[in-house]
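As structure tokens, the structure follows; a few thoughts come after it.
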Amino acid sequence: MGRYLKNIWQTIVTMLIGMGVTSGHLFRARRGNVTLQYPEERWPQPQRDIGFDHDRYNVIRSKLHVDIDDCIGCYQCERACPVACIKIETVKVPKGTDIGTTSNDTKKRMLVTRFDIDMSECCFCNLCTYPCPEDCIYMTGGPNSHKQPLDYEYSTYNRDDLIFRFADLEPEVVERLTKPPLEQEI
């Protein structure tokens, strides 16, 4: 019986000590030392120094970005993706229709109507960036920081918000560009 009462007394003493420590922290809490409301509030990103030049090597595996104006619709990135998180749809435009050129002066022959990347499926392997002949798909940050700044945190409450849609053509524009040019009557 004595051991039983001793265990009860130790339990009460231990609980009071723990509550004393907790209440001490509660009344001495400094501003900014409490839980961060994550998606709205973020800690500043620390500078990284891992021993070599970030401008020459992309050590940061972050979000994929596409310069859709430079995309020629070759499907190389979609084929290279090991998890098939890239979805591309193109429409061939008739001869004589000019839909522009890329920044490398390549004439565009396909109209990219859909270019979606599901970042919830992406394994951040960077394999889709290498086969692109126009260098229009790339990881943000690192050597590409002059094109797109680094973005570590793109958390969302809804998983559907992690599907990035880069092609934003209106159906009327697609219809107008895919119609064959009118033949001139003699």
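Data table
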| quantity | calculated |
| --- | --- |
| Region 93-118 residues that are touching a residue at least 12 places away in the same chain (Cβ under 8 Å), paired with ones that are aromatic (F, W, Y) (beta carbon under 6 Å, 6 or more apart) | F115/F166; I117/F164 |
| Selection from region 110-137 of residues that are touching a Lys or Arg at 6+ places or on another chain (Cβ under 7 Å) and either assigned to a loop (DSSP other than H, G, I, E, B) or closer than 19 Å to L64 by Cβ (or both) | R114, D116, M119, S120, F124, N126 |
| Restricting region 11-32 to residues that are farther than 27 Å from T156 by Cβ and not in a helix (DSSP H, G or I), the residue that is modelled with the lowest pLDDT | R31 |
| Residue among V112, V93 that is surrounded by 17 or more Cβ atoms within 10 Å (Cβ to Cβ) and within 14 Å of C136 (Cβ to Cβ) | V112 |
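The values are calculated or read from the model by the stated rules, or taken from the named source; none is laboratory data. All values reported here derive from a predicted model rather than from experimental measurement. Positions of Cβ are generated from backbone atoms using ideal geometry, with glycine treated the same way; all protein chains shown enter the neighbour counts.
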